[in-house]
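Each remark here refers to the structure printed beneath this line.
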Amino acid sequence: MTDELDLASEREELMRQSALYRQSKAAVREAEPTGSCLYCEEPLSDGLRWCNADCRDDWERERKRR
């Protein structure tokens with residue numbers, strides 16, 4: 001018989017996985033390619049989001065501060 005602690009642990013894990021999934025989907029929607037760098041707005045080829053790693057890192061750093 002499963003005890004209450006096991007059930008609570010399973011529920012906690014399901015909630016954690018659900019939260020991580022929702023967060024990952026939100027991050028993908030927020031960072032869709034627009035034709036220009038999401039940080040410095042430099043024009044880019046289709047499908048790219050940032051012009052270099054520095055812009056990407058700065059963009060991610062600013063998003064984490066929100």
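Miscellaneous remarks
- The residue that is modelled with the highest pLDDT, counting only those in the stretch 15-37 that are under 13 Å from residue 60 (Cα atoms) and outside any loop (DSSP other than H, G, I, E, B), is 30.
- Residue pairs meeting the criteria (Cβ under 7 Å; at least 6 apart or on separate chains; first over 20 Å from residue 24 (Cα atoms), in the stretch 40-66; second of a type in the set (Gly, Ala, Ser) and surrounded by 15 or more Cβ atoms within 10 Å (Cβ to Cβ)): 42/36; 43/36; 44/36
- Candidate set: the stretch 34-66, residues that are farther than 23 Å from residue 23 by Cα and hydrophobic (A, V, I, L, M, F, W, C); chosen: the one surrounded by the fewest Cβ atoms within 10 Å (Cβ to Cβ): 40
The values are calculated or read from the model by the stated rules, or taken from the named source; none is laboratory data. Values in this document were obtained by computation on a predicted structure and should not be read as measured data. Glycine also receives a Cβ, built like all others from the backbone with ideal geometry; neighbour counts cover every protein chain displayed.
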